[in-house]
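Everything below concerns the one structure shown next.
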Amino acid sequence: MDFFKTKPLINLENISKSFGNQLIIDELDLKIHENEFITLLGPSGCGKTTILRIIGGFETPDKGRVIFDNTDITHLPPNKRQLNTVFQKYALFSHMNIGDNIAFGLKIKNKSKDYIKDKVSYALKLVNLDGFEKRMPDSLSGGQQQRIAIARAIVNEPKVLLLDEPLGALDLKLRQEMQYELIRLKNDLGITFIYVTHDQEEALTMSDTIVIMNQGYIQQIGTPEGIYNEPENAFVADFIGESNIIDAMMIEDRLVEILGTRFTCVDTGFGKKTPVDVVIRPEDVVLCDPAEGIISGAVSHLIFKGVHYEMEVTACGFEWLVHSTGMFPVGTPVGIKVDPFNIQIMNKPESEDEQAVSLEALEENS
């Protein structure tokens with residue numbers, strides 16, 4: 001779905017937020033579209049949860065506006081907004097059964113008993129827990145409790161569902177199952193999901209759009225495939241997936257010098273003899289006979305990962321990370337080849353403090 005051809009449902013305009021003397025968000029702009037699964041991804045402290053809380057009405061920005069469906073809701077209290085939040089901690093009422101937990105918000109709104117009964121039943125079916133109305137929270141698994149928390153949120157028919165690391169407390173298998181459940185729910189309900197996580201796998205698995213953040217700035221916005229295959233800077237390349245990030249020199253269009261050796265690439269427009277960063281994903285490094293490689297080295301480390309072998313190859317003074325279905329024992333001399341299309345060239349930051357991507361890059365994604 002091309003969300004960028006539709007009108008934004010939520011517009012964050014020039015949002016800034018500080019806590020004490022610490023600046024958390026600095027003049028951030030972001031558009032969120034209807035029926036989009038958008039993930040705010042970044043390390044702890046990057047500002048992603050603060051953005052979620054500002055959208056939800058739990059925090060007020062120091063500067064800027066929150067526009068929801070063409071209406072300024074910056075100072076609207078949370079209970080007046082057409083959205084609901086699901087937190088990492090399920091926050092179910094332990095003294096209430098599941099039906100009463102889900103019905104809680106509807107009872108506050110003075111809905112009729114028949115209406116509440118129908119809505120609770122519908123919500124339980126959506127989360128595949130039909131018939132659990134009379135069960136108590138402590139009788140459910142962690143995954144089931146999280147689904148009840150989601151049912152309690154969606155029963156109020158919000159236009160937007162905010163999810164703040166909701167799967168963080170689950171074990172790996174349950175987390176993976178819930179990822180697919182959330183995708184199904186989003187498609188079934190047709191509502192906008194805004195998801196916060198520091199887990200790159202969750203973001204890549206579920207999202208229509210990923211917003212990469214660091215230190216209060218947006219680094220890149222794009223599809224999971226676009227961000228993984230075309231990172232705009234070294235931070236994004238390193239945070240999304242594993243990467244070989246190498247200092248290099250752009251000799252001219254389609255020719256880059258890496259570790260003293262010239263590689264053919266497909267990038268243009270970087271000028272001549274320009275210092276750049278090169279990103280090569282581990283799965284794109286091809287190991288071969290030393291005589292056939294562009295450069296040669298030796299395997300220095302080997303781990304079996306199940307679906308592939310993870311190796312480190314020392315070549316030209318650099319430890320190359322390699323993922324391959326072929327196994328090369330430690331000490332094996334190898335050559336290294338890389339397809340020109342798999343060499344990603346990036347401009348070096350203008351300064352060490354440069355955090356935000358260019359305005360032009362953001363506008364292209366909005």
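Please treat every number below as a calculation from the coordinates, not as lab data. The structure presented is a predicted model; accordingly, all values stated were derived computationally and were not measured. Because the Cβ atoms are built from the backbone with ideal geometry, glycine has one as well, and the counts that use them run over all protein chains shown.
According to the square roots a ≥ b ≥ c of the eigenvalues of the Cα gyration tensor, what is the shape class of region 125-174, taking rounded for a/c under 1.5, prolate for a/b larger than b/c otherwise, and oblate for the remainder? Mind showing how you got there, number by number?
Details: a/c = 2.09, a/b = 1.07, b/c = 1.96.
Oblate, because a/c is 1.5 or more while a/b does not exceed b/c.
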Within a Gaussian network of the chain (alpha carbon springs, distance under 10 Å), most fluctuating of GLU181, GLU165, GLU252: GLU252
Just to compare against my own numbers: the Cα pair-distance distribution for region 1-154, 10 Å bins, whole % per bin, please. 10, 31, 30, 23, 6, 0
Checking the cross-link filter: which aspartates and glutamates have an alpha carbon closer than 16 Å to that of LYS17, excluding same-chain neighbours under 8 positions apart? ASP26, GLU27, ASP29, GLU59, ASP62
Grab the beta carbon distance between ASP188 and LYS80, set R0 = 30 Å, and tell me the FRET efficiency rounded to 0.05. 0.70
Paramagnetic label zone (point 7 Å from Cα along Cα-to-C-beta, SER121; backbone N under 17 Å) in region 78-105: 98-100, 102-103
Nearest-20 debye value, the chain charge dipole, Cβ charges on Lys, Arg, Asp, Glu: 2100 debye
Gain in length, ASP199 to LYS107, computed as 0.36 nm per residue apart minus the alpha-carbon separation, to one decimal in nm? 29.6 nm
Got a sec? Charge dipole of the chain, +1 on Cβ for Lys and Arg, -1 for Asp and Glu; which of GLY317, ASN35, LEU92 is way out at the positive end? LEU92
The answer for the net charge of residues other than SER18 whose Cβ lies under 13 angstrom from its Cβ, with Lys and Arg +1 and Asp and Glu -1, is -2
Rounded Å value of the spacing that divides the Cα centres of region 283-343 and region 29-64: 40 Å
Per DSSP H run of at least 4 residues, take -39500 (n - 2.57); add these up for the chain, divide by its residues and hand me the 222 nm value, nearest 500 deg cm²/dmol. -7000 deg cm²/dmol
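Which of LYS31/LYS159; LYS31/LYS111; LYS119/LYS159; LYS89/LYS159; LYS80/LYS125 have a Cα-Cα distance over 25 Å?
On the way: LYS31/LYS159 15 Å; LYS31/LYS111 34 Å; LYS119/LYS159 16 Å; LYS89/LYS159 22 Å; LYS80/LYS125 27 Å.
In this structure, LYS31/LYS111; LYS80/LYS125 lie more than 25 Å apart at Cα.
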Estimated vicinal HN-Hα couplings, Hz - region 177-184 in sequence order (Karplus 6.51, -1.76, 1.60; Gly, Pro = x): 4, 5, 4, 5, 4, 5, 4, 4
Assuming 0.36 nm per residue, please report the length gained on full extension of the stretch THR268 to PHE19 beyond their Cα-Cα distance. 85.3 nm
